[in-house]
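What follows is a short report on a single structure.
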Amino acid sequence: MKLPLSNRLLACASFVRPGDRVADIGCDHGYLGIHLLQSGVASSIIASDVNEAPLQSAMHNAAKYGMKDKMTFYLSDGVRNIPRDFDSLVCAGMGADTMMSILDAAPWLKNEKYRLILQCQSKRPELRKYLYANGYAIRRETLAQDGKFIYPIMEVVYAPGQTLTGAEYYITPALRASSSPLFPAFLARVTEGIQTAVDGLSRTGGERYEEYKAILKELQEL
Ligand SMILES: C[S@@+](CC[C@H](N)C(=O)[O-])C[C@H]1O[C@@H](n2cnc3c(N)ncnc32)[C@H](O)[C@@H]1O
C-alpha cells in the first residue's frame, strides 16, 4: 500500500542513512517512519508526539501498513520521555520556537553520534543562529516543493566552533552546495523577503535596517 508522503517528508527521509535507528519527534500520522521501514532504509523507528491523538493515529497507521513491530511509540514533549538509543532524529513540520525548546531541554543531543534532520516551518534564520550558538552545524541542506511552498531540510551535527555570516543564516553554504534545482527560485523568494524588510525600514533607518541592507547586499552577490 502506497503512503501519501509529501515531497517535504521524502526529502527528510533522503537524509536518513541505511540501517539508521530513527527517532521521529512530532510524528503525527507516523508516515515518515512507516515509509523509512517500508523502503528498508531505517532499522527501527521511535515515533513520538506530545499529543495523544496524533500518537494514536501513528499507531493505527503502523498497524495498517504492517510496520508496528519495528516501531515504538512514546507520548513525549520533545525527547524527554524517549530512549536515547537512536542514530538520527527527525523533527519536521514544527516552528523554530518549538524546535529550540526541544533542543534546549536535551543537551545530551550535543554529541557527534547523533544526526538531527530538521525541517522548520518558521523563523529559519533564528533556528540556524541558535544551532550555531549551541555548537551545532549544518552539514547538508536541500529543498523540497509541495504546491507553492518550498521547504529547506537540514542535516545537523554537533561540531562546535563554527559560525555563519548574516546572509548565510538565510542561505547556507550547505544549501548552495546542494545543487537543488529549486535553489534559484528559493534564493529569489528569500531575497525578495529581505528586500521587503529593507523597504519597510528605509524611512526609520536604524540598526535593523543596516543589518537587513548588509544581508541583502550579500545575497545579491551570491
Ligand atoms: C504539523 S505536525 C507535523 C507532523 C510531521 N512531523 C510532518 O512533518 O508532517 C506537528 C506535530 O508535532 C507535534 N508536536 C508539537 N510540539 C511538540 C513537542 N514539543 N514534542 C513532540 N511533538 C510535538 C504535534 O502534536 C503534531 O503532531
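The values are calculated or read from the model by the stated rules, or taken from the named source; none is laboratory data. Computed from a predicted model, the values in this text were never measured in an experiment. Quick reminder, even Gly has a Cβ in these numbers, built from the backbone with ideal geometry, and neighbours come from all protein chains shown.
Miscellaneous remarks
- Checked against (1) in a loop (DSSP other than H, G, I, E, B); (2) surrounded by 14 or more Cβ atoms within 10 Å (Cβ to Cβ), residue 122 passes all but a single condition, namely (2).
- Flag for residue 12 being of a type in the set (A, V, I, L, M, F, W, C), in a loop (DSSP other than H, G, I, E, B), within 13 Å of the ligand (Cβ to nearest atom) and surrounded by 17 or more Cβ atoms within 10 Å (Cβ to Cβ): no
Here's the yes/no breakdown for (1) touching a strand residue (DSSP E or B) at 6+ places or on another chain (Cβ under 7 Å); (2) buried (at least 19 other Cβ atoms within 10 Å of the Cβ):
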site	(1), (2)
90	yes, yes
105	no, no
108	no, no
113	no, no
159	yes, no
170	no, yes
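- Residues that are touching a helix residue (DSSP H, G or I) at 6+ places or on another chain (Cβ under 7 Å), more than 11 Å from the ligand (Cβ to nearest atom) and within 13 Å of residue 70 (Cβ to Cβ), drawn from segment 15-34: 22, 34
- Counted residues, segment 69-83 - those being surrounded by 14 or more Cβ atoms within 10 Å (Cβ to Cβ) and either β-branched (Val, Ile, Thr) or at pLDDT 95 or above (or both): 10
- Hits in segment 1-44 - residues which are of a type in the set (Phe, Trp, Tyr) and under 15 Å from the mean Cα position of the chain (by Cα): 15
- Residue 118 under 15 Å from residue 12 (Cα atoms), under 18 Å from the mean Cα position of the chain (by Cα) and not charged (D, E, K, R): yes
- Residue within segment 95-103 that is more than 17 Å from residue 121 (Cβ to Cβ) and either free of Cβ contacts under 8 Å to residues at least 24 places away in the same chain or buried (at least 18 other Cβ atoms within 10 Å of the Cβ) (or both) present: no
- Check on residue 54, under 25 Å from residue 149 (Cβ atoms) and away from the ligand (no atom under 15 Å from the Cβ): no
- Failed condition for residue 44, given (1) loosely packed, with under 15 Cβ neighbours inside 10 Å; (2) farther than 30 Å from residue 129 by Cβ: (1)
- Where residue 222 falls short, out of the listed (1) surrounded by 14 or more Cβ atoms within 10 Å (Cβ to Cβ); (2) aliphatic (A, V, I, L, M); (3) touching a residue at least 12 places away in the same chain (Cβ under 8 Å): (1)
- Within segment 178-215, the set of residues being closer than 20 Å to residue 150 by Cα and either in contact with a His (Cβ under 9 Å, 6 or more places away or on another chain) or touching a residue at least 24 places away in the same chain (Cβ under 8 Å) (or both) comprises 178, 180, 182, 183, 185, 186, 187, 189, 190, 191, 194.
- Scanning segment 73-83 for residues that are more than 9 Å from the ligand (Cβ to nearest atom) and under 25 Å from residue 128 (Cβ atoms) yields one hit, 82.
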